[in-house]
1. With respect to the cross-link table entries LYS8/LYS162; LYS9/LYS175; LYS23/LYS165, which display a Cα-Cα separation exceeding 27 Å?
2. At 1.4 Å probe radius, can you tell me the per residue accessible area of the chain in Å²?
3. Sequence-distant or interchain residues sharing an amide H contact under 5 Å with ILE128, placed H: which?
4. Starting from the exponent 0.38 and prefactor 2.2 Å, build the expected Rg for region 1-97 from its residue count and divide its actual Cα Rg by it.
5. Working out 0.36 nm times the residue gap between ASP62 and GLN163, then minus their Cα-Cα distance, what length gain in nm do you get to one decimal?
6. As an exercise, use a Förster radius of 25 Å and the Cβ-Cβ distance of GLU53 and CYS119 to find the FRET efficiency, rounded to the nearest 0.05.
7. Which of rounded, prolate or oblate describes region 118-207 when judged by the alpha-carbon gyration tensor and an a/c cut-off of 1.5?
8. Translational diffusion coefficient of region 67-165 at 10 °C, 1.306 mPa s, Stokes-Einstein with Kirkwood Rh over Cα pairs, in µm²/s as a whole number.
Amino acid sequence: MNPAKKKKKGHLIVLSGPSGVGKSTVISEVLGLRDELYFSVSYTTRSPRAGEEEGVSYHFVDRPAFETMIANDELLEYAEYVDHYYGTSLRAIQEKLDQGIDVLLDIEVQGASKVRKKCPDAVLIFIIPPSFEELSRRLHGRHTDDEEVIAGRLAKAREEYKQIKNYDYLVVNDKVSRAAAEILAILTAEDCRTEHRIHLIEGDNAL
Ligand code: 5GP
């Protein structure tokens, strides 16, 4: 028997980290290696970047549509980040969690702090580059932003670092495969918590 199959409720996993740290690459690697993990596709008011697809990277909506979702209480959390709204649909993730499927959110620090308040059991992971010099190198290497934007992102990263102490785990992305392996190890450790497995030895279906 695979004990994970008997999970009653999925875990809510929050991943945050500065722009340029390589979160999306690490997330793709993790999703490729772990079944029963659902990536929550956020809603945003920003425009799609080259290569981004509706419903895959984000659900792209306009401000009035986003504000309607806020008014209808449809979002688990939302934040304004660099002049755009970003938010997580409550319904989509609730369904998965109720099916015993873990849900992964890629959200920034204000949203993570709201999730922590609403869902104290959520697992918060912060991912950092090996150094600020390396982060700067990666941001320059993208060739998508000018110096001013890069300086802004680095300053934002320094602000975000002040929130790291509120996270449960810290992962260093020096190498994608290693960062992904650490996140998988965290997910496995969460599965193995006694409180998440106690039902295996209680009740009619006890082992
Ligand atoms: P980007 O525009 O580069 O895709 O994302 C900018 C920031 O928004 C990233 O730090 C990303 O983690 C965050 N983000 C993406 N989706 C959400 C969301 O649903 N809620 C919050 N609070 N932040 C999000």
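The values are calculated or read from the model by the stated rules, or taken from the named source; none is laboratory data. As the structure is a computational prediction, the values presented were derived from the model and not from experiment. Positions of Cβ are generated from backbone atoms using ideal geometry, with glycine treated the same way; all protein chains shown enter the neighbour counts. Side chains included, ligands, DNA and RNA excluded: accessible areas come from the protein's heavy atoms. Shrake-Rupley method; radii C 1.70, N 1.55, O 1.52, S 1.80 Å.
1. Those over the limit are LYS8/LYS162; LYS9/LYS175.
2. 56 Å²
3. VAL171, VAL172, ASN173
4. For region 1-97, the normalised Cα radius of gyration is 1.20.
5. Stretched out fully, the ASP62 to GLN163 stretch lengthens by 33.4 nm.
6. The pair GLU53/CYS119 has a calculated efficiency of 0.30.
7. prolate
8. 102 µm²/s
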